[in-house]
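Enquirer: Below you'll find the structure I mean.
The numbers here are math on the coordinates, done by the rules we state, and not lab data. Being a predicted model, the structure only gives us computed values, none of them experimental. Because the Cβ atoms are built from the backbone with ideal geometry, glycine has one as well, and the counts that use them run over all protein chains shown.
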Amino acid sequence: MGSLTEYLRFAVTLTAVVDPFLAIPFFIAFTRGQSAEERARLARIVAITVFLVLASSVFVGEALLNLIGASLPAFRVGGGLVLLLMALAMLNAQAGGVRHSKAEAEELESGDVSGVVPIGVPLLAGPGAISTAIIAAERGDVAHQLVLVVCIALVCAVSWAALSRAHLIANHLSLSALNIATRILGLLLAAMAVQTMAEGMRALFPGLAG
């Protein structure tokens with residue numbers, strides 16, 4: 001089991017990575033013309049999808065790394081780099097190519113997709129969120145993994161609340177206000193990304209610790 005501080009750090013980092021505020025404009029664009037019931041149903045399905053993807057990463061992520069022969073310290077450096085790229089895009093109030101490609105964005109705008117893809121995956125539960133879950137579960141016991149799943153559930157609940165009330169939030173907050181929230185989360189994520197990369201580098205090169 002980790003400390004309360006570690007779990008709080010994980011929850012904050014995951015919230016910044018998932019960033020439901022950034023997803024609100026995409027959700028509104030996709031659900032334009034839909035009824036309140038349809039929007040609520042999609043928000044619920046998206047939140048459940050994100051939970052299943054991230055919870056699965058907690059339990060099978062390390063085994064997958066072992067299967068492909070990648071070490072956790074190396075994954076920390078790579079995952080931290082992904083988080084840093086996401087943070088830089090968020091500081092510009094943009095989704096960035098790490099979350100989803102231009103083609104995926106165009107597909108979403110055209111309405112030819114279900115909304116679960118790409119809003120749920122990879123916009124919310126993308127490479128950065130999956131990396132965060134796998135790194136947090138590093139060599140933890142079952143109790144540790146279960147606490148991480150609880151943290152993931154809380155983040156998904158926040159995402160569900162934001163998406164299910166996306167139109168109401170948009171009516172009360174301007175795009176600039178949403179962008180400010182995204183930039184603040186991006187700043188927090190940048191700090192977490194550098195910390196994750198530093199921990200991976202120390203493990204790969206013990207001499208750096210001196």
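Enquirer: Please report how far the C-alpha centroid of the stretch 45-88 lies from that of the stretch 124-197, rounded to the nearest whole angstrom.
Expert: A separation of 13 Å, based on Cα centres.
Enquirer: Treat every Asp and Glu Cβ in the stretch 4-201 as -1 and every Lys and Arg Cβ as +1, leave all other atoms uncharged, and give the resulting dipole magnitude about the Cα centre to the nearest 20 debye.
Expert: 320
Enquirer: Between rounded, prolate and oblate, where does the stretch 138-207 land on the alpha carbon gyration tensor, with a ≥ b ≥ c its root eigenvalues, rounded for a/c under 1.5, else prolate if a/b exceeds b/c?
Expert: Judged from the Cα gyration tensor, the stretch 138-207 comes out oblate (a/c at least 1.5, b/c at or above a/b).
Enquirer: How far is helix 4-18 tilted, in degrees, relative to the longest principal axis of the Cα atoms in the chain, given as a value from 0 to 90 rounded to the nearest 10?
Expert: Between helix and principal axis, roughly 40 degrees.
Enquirer: Let me ask you something else. What's the angle, to the nearest 10 degrees (0 to 90), between helix 36-68's Cα axis and the longest principal axis of the chain?
Expert: 20
Enquirer: Divide by every residue of the chain the summed helix terms, -39500 (n - 2.57) for each DSSP H run of at least 4, and state the resulting mean residue ellipticity at 222 nm, rounded to the nearest 500 deg cm²/dmol.
Expert: Helix-only estimate at 222 nm: -25500 deg cm²/dmol.
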